[in-house]
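The structure appears below as structure tokens.
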Amino acid sequence: MFLIQKVEQGSTLRDRIAQSLAAAINTGELAPGALVTVPTLAIRFEVSATPVREAMLDLEQRGFVTAVRNKGFRVTEMSDKDLREVIELRQLLEAPTMGALAGTLDGDTIARWRSVADEISEHARNKDLAGFLDADRRFHLGLLALHGSSRLVDMVGELRAQTRMVSITVMMQSDELWVTAREHHLMLDLLANGDSTALRQLTVDHLATVAGWSIAAGETL
């Protein structure tokens, strides 16, 4: 399933194009080192060149692409060191925050996020890459938002976008992705039980698995 697809016209067209392209880079649909042009992308999105060019400039500022004179934009290649640093930052930010939430959420809130965890598992079972990534993003950023810091959510959201999970298409075919999907339910169990220490460790381990997918893929490119 391609993540690059037609987008609807609207006031946030530039942002939605940038989001779609970031997702394509994130999953490896746009591979590290790939050269893309504004006219070609405009045709793919079925829009004019202007919002695509603006979106690419935004992505350049965020480090996703690099402008190539008279040619277009090249997808930035991330080293294993870069990927480890991104995951380590996420672990430092997310693990203590999740731990602080343990025992503070009521039953209705846990049930609401349990349904999102069910979505993640269902998408893993159906090998629906786009659905899996969207539900996973909503789960993690949504729980972090309960802590009350919009800056934290923005920071983690940007770090998530920078992670190159280029091997996830392979992981979609394995049992490991299903196991990882089930960890979202374990997180909710620990949140409900108030087990802060175990939840912090599970969050660290969960994110380390993502790093493993990314780095392993980088070694085979």
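The values are calculated or read from the model by the stated rules, or taken from the named source; none is laboratory data. Quantities reported herein were computed from a predicted structural model and do not represent experimental measurements. Backbone-built Cβ (ideal geometry, glycine too); neighbour counts: all protein chains shown.
Sort out which residues of region 131-147 are of a type in the set (A, V, I, L, M, F, W, C) and either crowded, with 18+ Cβ neighbours inside 10 Å or in a helix (DSSP H, G or I) (or both), and write them in order of number.
Within region 131-147, Phe132, Leu133, Ala135, Phe139, Leu141, Leu143, Leu144, Ala145 meet the criteria.
Please find, within region 75-117, the residue that is modelled with the highest pLDDT out of those that are surrounded by fewer than 16 Cβ atoms within 10 Å (Cβ to Cβ) and farther than 30 Å from Asn193 by Cα.
Glu85
Which of the residues belonging to region 65-81 are under 14 Å from Ala208 (Cα atoms) and under 18 Å from the mean Cα position of the chain (by Cα)?
Within region 65-81, just Asp80 meets the criteria.
List the residue pairs whose Cβ atoms are under 8 Å apart, where the first residue sits in region 63-86 and is closer than 13 Å to Ala34 by Cα, the second is of a type in the set (Phe, Trp, Tyr) and outside any strand (DSSP E or B), and the two are 6 or more positions apart or on different chains.
Correct list of pairs: Val75/Phe64; Thr76/Phe64.
Could you tell me how many of the residues in region 183-221 are at pLDDT below 80 and part of a helix (DSSP H, G or I)?
The number of residues fulfilling the criteria is 11.
Taking into account only those residues within region 47-74 that are surrounded by 18 or more Cβ atoms within 10 Å (Cβ to Cβ) and among the β-branched types (Val, Ile, Thr), which is farthest from Leu30 (Cα to Cα)?
Val47
Does any residue of region 118-130 turn out to be under 25 Å from Asp82 (Cα atoms), out of contact with any His (no Cβ under 6 Å at 6 or more places or on another chain) and either in a helix (DSSP H, G or I) or modelled with pLDDT of 85 or more (or both)?
If we filter region 118-130 for residues that are under 25 Å from Asp82 (Cα atoms), which is where we start, we get 129-130.
With out of contact with any His (no Cβ under 6 Å at 6 or more places or on another chain) added as a condition, the list becomes 129-130.
After this cut, where a residue has to be either in a helix (DSSP H, G or I) or modelled with pLDDT of 85 or more (or both) as well, the list is 129-130.
Within region 118-130 (the criterion being under 25 Å from Asp82 (Cα atoms), out of contact with any His (no Cβ under 6 Å at 6 or more places or on another chain) and either in a helix (DSSP H, G or I) or modelled with pLDDT of 85 or more (or both)), the answer is yes, since at least one residue qualifies.
Taking region 28-44 only, how many residues are buried (at least 20 other Cβ atoms within 10 Å of the Cβ) and in a helix (DSSP H, G or I)?
Within region 28-44, residues that are buried (at least 20 other Cβ atoms within 10 Å of the Cβ) and in a helix (DSSP H, G or I) number 1.
Taking region 65-95 as the region of interest, how many residues are of a type outside the set (Gly, Ala, Ser), in a loop (DSSP other than H, G, I, E, B) and more than 30 Å from His147 (Cβ to Cβ)?
Qualifying residue count, region 65-95: 5.
So which of Thr169, Thr163, Thr180 is modelled with pLDDT under 95, surrounded by fewer than 18 Cβ atoms within 10 Å (Cβ to Cβ) and either closer than 15 Å to Val116 by Cβ or touching a helix residue (DSSP H, G or I) at 6+ places or on another chain (Cβ under 8 Å) (or both)? Steps first, answer last, please.
Numbers: Thr163 fails: surrounded by fewer than 18 Cβ atoms within 10 Å (Cβ to Cβ); Thr180 fails: surrounded by fewer than 18 Cβ atoms within 10 Å (Cβ to Cβ).
Just one listed residue meets the conditions, Thr169.
For region 48-63, check the following and say yes or no: at least one residue is closer than 23 Å to Leu129 by Cβ, at pLDDT 90 or above, in a loop (DSSP other than H, G, I, E, B) and of a type outside the set (Val, Ile, Thr).
no
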